[in-house]
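J.: Following this message is one structure expressed as structure tokens.
The values are calculated or read from the model by the stated rules, or taken from the named source; none is laboratory data. Here the structure is a predicted model, which means the values were calculated and not measured. Positions of Cβ are generated from backbone atoms using ideal geometry, with glycine treated the same way; all protein chains shown enter the neighbour counts.
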Amino acid sequence: MESQILTLVTFFPLVGIVLIMLAPKDRPDTVKGVALLVSFVTMLLSFWLYSMFDKVANGMQFELNVPWITSFGINYHVGIDGISLLMIVLTAILTVLSILASWNSITERVKGYFISMLLLQIGMIGVFCALDLFMFYIFWEVMLIPMYFIIGIWGGARRVYAAIKFVLFTMFGSLLMLVAILYVVSAYHGFANEYSFDILKLATMPIAYKPQLLLFGAFALAFAIKVPLFPFHTWLPDAHVEAPTAGSVILAGVLLKMGTYGFLRICIPMFPQATITYLPYICVLALIAIIYGALVAMVQRDVKSLVAFSSVSHMGFVMLGIFALNLQGVEGAVLQMINHGVSTGALFLLVGMIYERRHTRLISELGGIVKVMPVFATLFMIVTLSSIGLPLTNGFVGEFLILIGTFKANMTYGVIATSGVILSACYMLWMYQRVIFGKITNPENEKLIDLDWREKGILIPLVVLIFWIGIYPKPFLDRIEPAVRSLLTQTNMVREDIGEPAFTVETDGSLSGMTAEDVNLNSKGEVHE
Amino acid sequence: MVPISAYLIVAVVLFGIGTMGVLISRNIIVLFMCVELMLNAANLALIAFSRSLNIMDGHAFVFLVLTVAAAEAAVGLAMVITIYNNRESINIDRFNILKW
Amino acid sequence: MTLDMFIFVFSAIVAVFGATMMISQRNPVAAVLYLIVSLVAQAVLYVQLGSVFMGAVLIIVYAGAILVLFVFVIMMLNLRGKEDLGDNSPPISRATKYIISMLMVAEFVFIVHGSVFSGPGGGMLEAETVAGFGSVEGIAKLLFTRYLYPFELTSILLLSAVVGAVVMAKRREIHEQSDSGSVSIDNDSNEGVK
Amino acid sequence: MSDYLILIPLFPLIGFLLNGLLIGRLSRPVVSTIACASVFASFVTALLSFIELTNMPASARLIEQTLFAWIPVGELNIEFGLLVDPLSAIMILVVTGVGFLIHVYSTGYMSHDKGFGRYFAYLNLFTFSMLTLVLADNFLLMFVGWEGVGLCSYLLIGFWFERKSATDAGKKAFIVNRIGDFGFLIGMFIIFWQVQSLDFAEVMARAPHAFIAGGTLVTTACLLLFVGATGKSAQIPLFVWLPDAMEGPTPVSALIHAATMVTAGVYMIARTSTLFMMAPDALMVIAIIGAATAFFAATIGLAQNDIKRVLAYSTVSQLGYMFLACGVAAFSAGVFHLMTHAFFKALLFLGSGSVIHAMSDEQDMTKMGGLKKYLPITYWTFLLATLAISGIPFFSGFFSKDEILWKSYSSLYGHPIFWVIGVVTAGMTAFYMFRLVYMTFHGKERMDDKTRKKIHESPRSMTVPLMILAVLSVVGGYVGMPHIFGVTNYFEEWLSPVLAGHEPPTHALASTSGGGAGTEMLLMALSVLLVLIAIYTARLFYNKKPELATALRGKLTGVHKTLQNKYYIDEIYTAVVVHPLIIVSIGLWKVVDVIFIDGFINTLALLYDGISQLFRHAQTGRVRSYVTVFVIGVVGILGWLVMR
């Protein structure tokens, strides 16, 4: 059972797809119910996965490796480490919430919509489980299609433009990735005289420096578009603004993480030298994304595109944390991936709820909502604060770890990135003030009804997560740590080979004068548990 | 004995005639028959190869091709009927609504 | 010239003649008849190659069933070779088409002569054949052992072809019954002519 | 016996949760009981811990409690740990004590407000955050409280959310504080990577080895921490939010923007004094900024007409004093002033609240006057506080202010100029405070009749806290009397285990910089004299001969206008920072995003479109032409095979 559990979690939504296909067209409630039930069971399965996960063990767990297309060495190889585990759980939770969130807003082509949602879930969980490049690529593309339909069919006014833009951007990247995958596999054939798409095996192969640069570039472009890193981000605001609420939630909550996950799973372990070479450029782009995203978010008129640009900024933080290449930075980045999924997901849900009532997302149309929807305003405030990164909410822990890691890797980057913290407060609070506070100027806002039980039920799990990660992140950090450590051992070995110190901090104090007593103190500080 | 190449050349010539027919015929039904001819030319080549290599697998292929040809003829002719019912024409050049 | 050779040359000429006549007929019924001529000649070649059963099948299935179907359709549509087949000035001239198809034949002939079968042995067929070559039993063995799956798949193919043919032929009625025009063929028929 | 420390912040948190989650379901008396009781319980617990401390030997006064590992990542191991030592003991007493009084006061002040439950929930949350800040045993947990109080300040300033000015002010407060936090965070990073710990005790123990005293790194770190302090404690250049913060309810101004939160910066510097002592350059900057702020804010205070704004600028100015004290390494003097200031400034704000309450929410002093006879309790308590803040001898403010002035003169890091600025500021403080008193309570009654009829003394719930605070304002200073009076400075002694190692030996140094006890007496007398002159002038201008003030104003129109408009600082910030930022952002969006990136993408798409327009005519729609092309392809491929 243990080795099959990943397959079960990944493909369980398929049951839902089949059932929905069989369901009659004129009974949307049955369709919704089936979708909800199936995604809920998937979530429970993912919790089970979480509980069975061994947080001390190194390496992949629940591995299953079955030959599939033997002549090309393609295997059905799945397995997870702490990073994928948390992403799978996040995906499962967000899918349930998204399905709940689409309960009333989706009235046309209900069957197609929920089939798309479940298919999307298979793709997402599959990507996080896959340890075979071929499977990784397939799941990667599987995600694309339902998302394309979700945006293109159930989206807003400019949905077709947005959907096509989304698909073309992503396709462009993933085709480069395909080329790179084929190159790596054929290179492995030359190296080990067998075909293999196995990510773990391929990572053991030494690749010459020049091709590494090209391969890293190809993979990195695919992932950077997905993240999205400046300047590949312009699909994101369009896609978010046009997508239905659930689409935005999944897009921001999980799909963007695919990019950063790809960096962690493929780019960095496979091409360590190239990682070091590209590091400054990626960091600079991430910094630009942080500042640029925040500034542009500040002047948006549509709440959703504001949140979209804030995602650009937040994902810039994640990228920066990953490329700090130290324990704090990478762990913070992984945690921030989850945090961003939770907070931004919640923000999109909240915006969706107000959109369902007012059919507008323009900031200027709203205002004074706290008066008629106090519960909404309170939850909105909590989520806003988490997005700003207030201590004791999840955003703070992630951001703090990223910043402290970045600062260790490079002081200048650290300082610039920290200034993003100020800007995030500016745009979020300004938006909050204009939407929630003030007098009700628009008479339509006077009749708004506060959240009902379904909507509260959607938001409360996220709020709980916000505080849980903010106050007691240890369970999550514990599970991430072994994975991050093994990732960093690899890159640090390479760094030592090149002769670059693992990290540098300017020092003006000499540590040489340390007495034995201090050393004791130091070691005591390390073994503080 | 007749060399295998002789059979193959007959097959090729038949195939060429079939191709020519497809290219120049405007009558859908004749065009279909040309396709059948081409299939048969291929069958002839298969039988010849089978005989030359002295294994029987070629026969199985021929059998499958025949089945496909039958299926194709049935569906194709049904389409011809439908098209004719709609257009009162069997001129293949008139059916160009899928252009640009 | 041996008898073998004579039979071959004769049937080959008849087959090619039938084919040529088929494509040059204006009247479809005549074209079908010429095709039958060609097929019978081909069946003779089959028999000469030792596959008696396939030759019989060719005549029975093709001449007897498929081409009858053609004739049936032609009759049903009442085509007499006087239909409007006016030239719609195709972009590629008729001469070019002759040339390219001939070129193709020439290339095939060149390949047949130039490569595989002109090797040792001169490409002559062996006199001896395996026991039961071309027999019903041999074919049956193949079809039910090595080619079982493809064989079974053909049944599905035939089934779907039957269903497709029936649906397509009945379409007219469906169309007439539905007033919403959801299965619209007429809608675009008008502009298609332009 | 240290497990009860968690109770101190926990009580207000429980209060917050009860009031916050059950908002709208509890009656007003229940709400106010929960809120006040929780803070009172926490005050009692704080008192217990204080008593426990006093029973310990002076050098070992320390209670710690570690709750759980918060963020353990590699060498970074941050725990949720609380710490009570003499310094935080004083702070928690002030926070819970003054906080409790203000909670009680609020039950009266807010009794007619619609947001009663929300108000007390926020207030409890604030108390919780402030106590976390004070009790934290490491930088990061302190930062939690630091941001937490910022959040509560934001919420409470914008409490009346229908007023745009209120929400604007809240937002401004939060963002300006965030700028400070930016410095705090970076300072924290430097410290962590240098010392490998964020725990106060460990940092202080290892700092001498990890940093070179006076080196750039420690100076930078200290300055960055100070940037954090300027944000929270409203110093130049980040003081702009505090005057605007007066949009909030008056008890909030008293609690957050006078007594507790704004002093967090001073507390933080005192807490990390070891580090600051290693960076004399940073101390110098702190002293200069503190002195400048004290002076600068006092000048603005001279010309304000809004009663709360005068007090706000006064707060900024007094905070400047505290930083001046820290800057001259007289941390205990700073903390002492922090405490006395908490008493009398809270009292002033609550008194002004009582006035505003009586005046039907009128805050403009030009529309008041002669309130003395209507509001006797308010008047007398207010007067006591004014005397305290002005530094009249034997009131609490006198002792703390005098100690700062003396230290700024005598300390190793001090300078006579600091003393001069301090004394002039003290004079101005006395002037504007008495101006306020005269304009509000004396002279002609300038309000309209409708308001006059409604004037009434505040209810008991409001006046009792006033009286208690008045007592504290008067006697609060006696714990820290200067040595020249021949008594022990209990306050300094109490704090000495935490801070004293860094105090420059006052007596020895005083003699080197020109005089000992005699000089101190002289300087004290000079400052008192100046204060008395200032009070007399205020009496002259605003009570006896108002025409003098008008005449003077006429002569100095430019100066007056500049002062009244707060040196146009807000306008300058708007023009220099806010507008350019927004313009740049719009530019980035419209130019980089829309024109460059999307333009590039869309041009590419158009290019493809054009090419396909060209090629699509190959699609004739005729099967035969497709077949022909197909056969041509076959011929081509076969040809290639033949030619090969």
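J.: With the checklist (1) within 14 Å of chain D (Cβ to nearest Cβ); (2) touching a residue at least 12 places away in the same chain (Cβ under 8 Å); (3) surrounded by 20 or more Cβ atoms within 10 Å (Cβ to Cβ) in hand, flag the one item B:GLY16 doesn't pass.
T.: Single failed check for B:GLY16: (2).
J.: Being touching a Gly at 6+ places or on another chain (Cβ under 6 Å), of a type in the set (Phe, Trp, Tyr) and within 13 Å of chain A (Cβ to nearest Cβ): is that true of D:PHE192 here? Give the steps one after another, and end with the answer.
T.: Values: touching a Gly at 6+ places or on another chain (Cβ under 6 Å): no; of a type in the set (Phe, Trp, Tyr): yes; within 13 Å of chain A (Cβ to nearest Cβ): yes.
No: the conditions fail for D:PHE192.
J.: Can I ask one more? With respect to B:VAL10, determine if the residue is at the interface with another protein chain (Cβ under 7 Å from one of its Cβ atoms), surrounded by 23 or more Cβ atoms within 10 Å (Cβ to Cβ), free of Cβ contacts under 8 Å to residues at least 40 places away in the same chain and more than 16 Å from C:ALA31 (Cβ to Cβ). Write out each step before concluding.
T.: Values: at the interface with another protein chain (Cβ under 7 Å from one of its Cβ atoms): yes; surrounded by 23 or more Cβ atoms within 10 Å (Cβ to Cβ): yes; free of Cβ contacts under 8 Å to residues at least 40 places away in the same chain: yes; more than 16 Å from C:ALA31 (Cβ to Cβ): yes.
Yes: the conditions hold for B:VAL10.
J.: Where in the range D:538-620 are the helices (runs of 4 or more DSSP H), entirely inside, with at least 2 residues that are touching a Ser or Thr at 6+ places or on another chain (Cβ under 8 Å)?
T.: Numbers: elements: D:546-555, D:557-564, D:569-573, D:579-587, D:598-615.
By residue number, D:598-615.
J.: Can you confirm whether the range D:349-364 contains a residue that is under 30 Å from D:THR519 (Cα atoms) and either over 16 Å from the mean Cα position of the chain (by Cα) or crowded, with 24+ Cβ neighbours inside 10 Å (or both)? Give the derivation first.
T.: Here is the first cut: in the range D:349-364, the residues under 30 Å from D:THR519 (Cα atoms) are none.
The answer is no; no qualifying residue exists.
J.: Based on this model, can you work out whether A:PHE223 counts as buried (at least 17 other Cβ atoms within 10 Å of the Cβ) and among the aromatic types (Phe, Trp, Tyr)? Before the answer, list the steps.
T.: On the way: buried (at least 17 other Cβ atoms within 10 Å of the Cβ): yes; among the aromatic types (Phe, Trp, Tyr): yes.
Spelling it out, A:PHE223 is indeed buried (at least 17 other Cβ atoms within 10 Å of the Cβ) and among the aromatic types (Phe, Trp, Tyr).
J.: Right, next: Would you point out which residue out of A:LYS456, A:LYS439, A:LYS447 is farther than 27 Å from A:GLY405 by Cα, within 8 Å of chain D (Cβ to nearest Cβ), charged (D, E, K, R) and surrounded by fewer than 17 Cβ atoms within 10 Å (Cβ to Cβ)? Spell out the reasoning first.
T.: Values: A:LYS456 fails: within 8 Å of chain D (Cβ to nearest Cβ); A:LYS447 fails: within 8 Å of chain D (Cβ to nearest Cβ).
From the options A:LYS456, A:LYS439, A:LYS447, the qualifying one is A:LYS439.
J.: Given the condition without any contact (Cβ under 8 Å) to a residue 40 or more places away in the chain, basic (Lys, Arg) and closer than 29 Å to C:THR96 by Cβ, answer yes or no: does some residue in the range B:20-28 qualify?
T.: No, the range B:20-28 contains no residue that is without any contact (Cβ under 8 Å) to a residue 40 or more places away in the chain, basic (Lys, Arg) and closer than 29 Å to C:THR96 by Cβ.
J.: If I filter the range C:116-123 for residues that are in a helix (DSSP H, G or I), modelled with pLDDT of 70 or more and either out of contact with any strand residue (DSSP E or B) (no Cβ under 7 Å at 6 or more places or on another chain) or of a type in the set (Phe, Trp, Tyr) (or both), do I get at least one hit? Quick ask: steps written out before the conclusion?
T.: Here is the first cut: in the range C:116-123, the residues in a helix (DSSP H, G or I) are C:116-118, C:120-123.
Remaining after also requiring modelled with pLDDT of 70 or more: none.
Within the range C:116-123 (the criterion being in a helix (DSSP H, G or I), modelled with pLDDT of 70 or more and either out of contact with any strand residue (DSSP E or B) (no Cβ under 7 Å at 6 or more places or on another chain) or of a type in the set (Phe, Trp, Tyr) (or both)), the answer is no, since none of the residues qualifies.
J.: Determine which single condition A:ALA286 fails, assuming it passes every other condition in (1) closer than 19 Å to A:ALA252 by Cα; (2) within 14 Å of chain D (Cβ to nearest Cβ).
T.: In the conditions (1) closer than 19 Å to A:ALA252 by Cα; (2) within 14 Å of chain D (Cβ to nearest Cβ), A:ALA286 misses (2) alone.
J.: Next up: Kindly indicate whether any position in the range D:343-362 is on the phi > 0 side of the Ramachandran plot, in contact (Cβ under 8 Å) with a residue 24 or more places away in the chain and not in a helix (DSSP H, G or I). Before you say what the answer is, go through the steps one by one.
T.: Just the residues of the range D:343-362 that are on the phi > 0 side of the Ramachandran plot, to begin with: D:360-361.
If we keep only those that are in contact (Cβ under 8 Å) with a residue 24 or more places away in the chain as well, we get D:360.
Then drop every residue that is not not in a helix (DSSP H, G or I), which leaves D:360.
Checked the range D:343-362: at least one residue is on the phi > 0 side of the Ramachandran plot, in contact (Cβ under 8 Å) with a residue 24 or more places away in the chain and not in a helix (DSSP H, G or I).
J.: Condition first: within 27 Å of D:ALA89 (Cβ to Cβ) and not in a helix (DSSP H, G or I). Now tell me which residues in the range D:1-49 satisfy that.
T.: Those that are within 27 Å of D:ALA89 (Cβ to Cβ) and not in a helix (DSSP H, G or I): D:MET1, D:SER2.
J.: So, in the range D:153-165, of the ones that are part of a helix (DSSP H, G or I) and surrounded by fewer than 24 Cβ atoms within 10 Å (Cβ to Cβ), which residue ends up farthest from the other protein chains (Cβ to nearest Cβ)? Before the answer, list the steps.
T.: Here is the first cut: in the range D:153-165, the ones part of a helix (DSSP H, G or I) are D:153-157, D:164-165.
Still in the list and also surrounded by fewer than 24 Cβ atoms within 10 Å (Cβ to Cβ): D:155, D:164-165.
Numbers: D:LEU155: 8, D:LYS164: 6, D:SER165: 11 Å.
The residue in question is D:SER165.
J.: Could you check the range D:442-506 for helices (runs of 4 or more DSSP H) lying wholly inside it with 3 or more residues that are modelled with pLDDT of 80 or more and surrounded by 14 or more Cβ atoms within 10 Å (Cβ to Cβ)? Reasoning before the result, please.
T.: Working: elements: D:449-454, D:460-475, D:490-499.
Because the criterion is at least 3 residues that are modelled with pLDDT of 80 or more and surrounded by 14 or more Cβ atoms within 10 Å (Cβ to Cβ), the helices (runs of 4 or more DSSP H) in the range D:442-506 that meet it are D:460-475, D:490-499.
J.: Among the residues of the range A:382-406, count how many are without any contact (Cβ under 8 Å) to a residue 60 or more places away in the chain and either more than 8 Å from chain D (Cβ to nearest Cβ) or of a type in the set (Phe, Trp, Tyr) (or both).
T.: Adding up the residues that qualify gives 3.
J.: Pairs, please: C-beta under 9 Å, at least 6 apart or cross-chain, first residue closer than 17 Å to D:PHE434 by Cα and in the range D:543-569, second exposed (fewer than 13 other Cβ atoms within 10 Å of the Cβ)?
T.: Listed by first residue and then by second, the contacts come to D:PRO546/D:LYS444.
J.: Now a separate question. Could you check the range D:606-637 and list, in sequence order, the residues that are surrounded by 13 or more Cβ atoms within 10 Å (Cβ to Cβ) and under 30 Å from A:THR170 (Cβ atoms)?
T.: Correct list: D:GLN619 only.
J.: Separate question: For the range B:52-67, give me the residue count where each residue is in contact with a Leu (Cβ under 9 Å, 6 or more places away or on another chain) and more than 7 Å from chain C (Cβ to nearest Cβ).
T.: 3
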